[in-house]
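Before any comments, here is the structure.
The values are calculated or read from the model by the stated rules, or taken from the named source; none is laboratory data. Keep in mind that what you see is a predicted model, and the values were worked out from it rather than measured. Cβ atoms come from the backbone with ideal geometry, glycine included; neighbour counts cover every protein chain shown. Please note that ligands, DNA and RNA were not included when accessible areas were found on the heavy atoms of the full protein model with its side chains. Shrake-Rupley method; radii C 1.70, N 1.55, O 1.52, S 1.80 Å.
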Amino acid sequence: MEITDRELALLSRVSPGYTCIYQLDGGRPVLLRGPAEHEELLSLSPEQAALAKSDALALVYKPDRAPMREELRKSAAEHRPVSCTFRICANGSTMWLLAKGRYCGDRDNLPVYLAELV
């Protein structure tokens, strides 16, 4: 099912909590939509925020990247829910996050996931 801009906007507006919409492009999660306070909540610099939009795994602690990339690859192949616990490094500090997501359609033949970060 191809997901439209209108559907993305609606999903973004009605999603509770800290929810982001990612498109998985070859194991690389690209941020399509996220809350306005995305950068502030994660204490990201403007450079880190720009990098995170094009590849969310860029901020993930290096030892956590490979297992997370594999989990995303498997989830995308099977369109199944994803759940990953990982660390991010931003502005000199490290924090643990849990991402829980569900497949919600395709965009340009790539899977789109709605993910809540807690």
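How much of the accessible area of the chain, probe 1.4 Å, is carbon plus sulfur, in whole percent? It is 54 percent, rounded to a whole number.
The Cα atoms of the stretch 46-89 define a convex hull whose projected area, averaged across directions, is 3.3 nm². The sum of -39500 (n - 2.57) across all DSSP H runs of n ≥ 4, divided by the residue count of the chain, sets its helix-only mean residue ellipticity at 222 nm to -10000 deg cm²/dmol. Computed with a 1.4 Å probe over protein heavy atoms only, the accessible surface of the stretch 1-111 comes to 58 Å² per residue. Taking only the alpha carbons of the stretch 52-118, we obtain Rg and Dmax values of 12.2, 37 Å in that order. With R₀ fixed at 22 Å, the C-beta to C-beta distance from ARG102 to LEU51 puts the FRET efficiency at about 0.30. Between 0 and 90 degrees, the angle of helix 62-78 with respect to the longest Cα principal axis of the chain falls at about 10 degrees.
Label-to-label distance, ARG13 versus SER83, with points set 7 angstrom from Cα along the beta-carbon direction: 3.2 nm. With N counted as the residues of the chain, its alpha-carbon radius of gyration over 2.2 N^0.38 Å works out to 0.99.
Roughly speaking, what is the stretch gain from ARG6 to ASN109, that is 0.36 nm per residue apart minus the C-alpha to C-alpha distance, in nm to one decimal? Let's see the in-between values first.
Details: separation 103, 0.36 × 103 = 37.08 nm, distance 1.73 nm.
Extra length available between ARG6 and ASN109 comes to 35.4 nm.
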